[in-house]
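Notes to accompany the following structure.
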Amino acid sequence: MNSIPISLRTAPARALMLASVTSPDEAGLCLAAGADIIDAKDPNSGALGALAPQTVEAIVATVRANSANAVSATIGDLPCSVGPITAAAEATARTGVDYVKVGLLPGGNASAVIAGLGEADTGQAGLVGVLFADHGADFSLIPQMARAGFCGVLIDTADKQAGSLTGIMPLEEIAEFVHAARTAGLFAGLAGSLKRSDIESLWTCRPGIMGFRGALCLDSQRTSALDETLVQSIRSALDRVAEACPAGRAKGGDNNTGC
């Protein structure tokens, strides 16, 4: 498994850029523009829409041929039920990705799903749980993920028409999420219709990863084609905030606050 080079227990020097792609061509574009993690996802099929296994395999092959970057993939917006989710996670892992992203939507037994995933056969692929800010993300699930052997956890949004994560969850609560993940030994990621203008404020929370799709697309529409200039712009913005406010310069020595 390709490792994600961030500390699990201390604030990272910079947030890694996750770029969601729908094809090998988009994966190649994002690699060339500086994305750290290539995330296979179908934006036409929901917040965590799943691509066909053959497409994911082709994306993995493109990334492997051109870089050592990690590849993640989503399993789809599935009901929070052990059987369907574990089966989908195992199938996604067989595509050769490094990380399998699993959304925990409301309406089921999330604790049972997490425990079931801990017993699933995902080979060398690591598990990443996804909580949804617009569905009352339950931070008490984070230690359960750690006990089940997950690698990381993300905060995302289910309704992509409702605006950015920063308009749905207060910054203090986002910082609390990052702290809870890091305390549990998981890497923490932020996603949810993130815009370039969100990067500076979110960096004060010191996430390990920031994930993008709409901000990389023409007209900021997540179902539109990716634009290389926009991908490069997000990459540059992430680098600039890290340079301007290194992890060691957080106020009062607390890495969950800003410079």
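The values are calculated or read from the model by the stated rules, or taken from the named source; none is laboratory data. Predicted model only: the values in this text are computed from it and were never measured. Here the Cβ positions follow ideal geometry from the backbone for every residue, glycine too, while neighbour counts run over all protein chains shown. Ligands, DNA and RNA are excluded from the accessible area calculation, which covers all protein heavy atoms including side chains. Shrake-Rupley method; radii C 1.70, N 1.55, O 1.52, S 1.80 Å.
Out of region 103-129, which residues are within 18 Å of GLY46 (Cβ to Cβ), in contact with a Ser or Thr (Cβ under 8 Å, 6 or more places away or on another chain) and either without any contact (Cβ under 8 Å) to a residue 24 or more places away in the chain or not in a loop (DSSP other than H, G, I, E, B) (or both)?
Once the filter is applied, which keeps residues that are within 18 Å of GLY46 (Cβ to Cβ), in contact with a Ser or Thr (Cβ under 8 Å, 6 or more places away or on another chain) and either without any contact (Cβ under 8 Å) to a residue 24 or more places away in the chain or not in a loop (DSSP other than H, G, I, E, B) (or both), region 103-129 yields GLY103, VAL113, VAL128.
Here's the yes/no breakdown for (1) open to solvent by 40 Å² or more (accessible area, probe 1.4 Å); (2) closer than 21 Å to ALA47 by Cα; (3) assigned to a loop (DSSP other than H, G, I, E, B); (4) touching a Gly at 6+ places or on another chain (Cβ under 8 Å):
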position: GLN161; (1), (2), (3), (4): yes, yes, yes, no
position: THR166; (1), (2), (3), (4): yes, yes, no, no
position: GLU172; (1), (2), (3), (4): yes, no, no, no
position: PHE177; (1), (2), (3), (4): no, yes, no, no
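If I go through region 183-198 residue by residue, how many of them are among the charged types (D, E, K, R) and either in contact with a Pro (Cβ under 7 Å, 6 or more places away or on another chain) or assigned to a loop (DSSP other than H, G, I, E, B) (or both)?
1
Each row is one residue, and each column tells you yes or no for (1) outside any helix (DSSP H, G or I); (2) under 16 Å from LYS41 (Cα atoms).
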position	(1), (2)
ALA181	no, no
ARG206	yes, no
MET210	yes, yes
ASP219	no, no
ARG222	yes, yes
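Those residues that are closer than 20 Å to ALA91 by Cβ and either touching a residue at least 40 places away in the same chain (Cβ under 8 Å) or open to solvent by 30 Å² or more (accessible area, probe 1.4 Å) (or both), I need them from region 28-41; list them, please.
Within region 28-41, ASP39, ALA40, LYS41 meet the criteria.
Looking at region 190-208, I want the residues that are under 17 Å from ALA162 (Cβ atoms) and have a partner that is open to solvent by 10 Å² or more (accessible area, probe 1.4 Å) and basic (Lys, Arg) with Cβ atoms under 9 Å, at least 6 apart or on another chain. Which pairs are those?
Here the result reads ALA191/ARG213; GLY192/LYS160; SER193/LYS160; SER193/ARG213; SER193/ARG222; LEU194/ARG213, each pair linking region 190-208 to a residue that is open to solvent by 10 Å² or more (accessible area, probe 1.4 Å) and basic (Lys, Arg).
Which is modelled with pLDDT of 95 or more, under 15 Å from the mean Cα position of the chain (by Cα), closer than 30 Å to ASP25 by Cα and of a type in the set (A, V, I, L, M, F, W, C), of ALA191, ALA237?
ALA191
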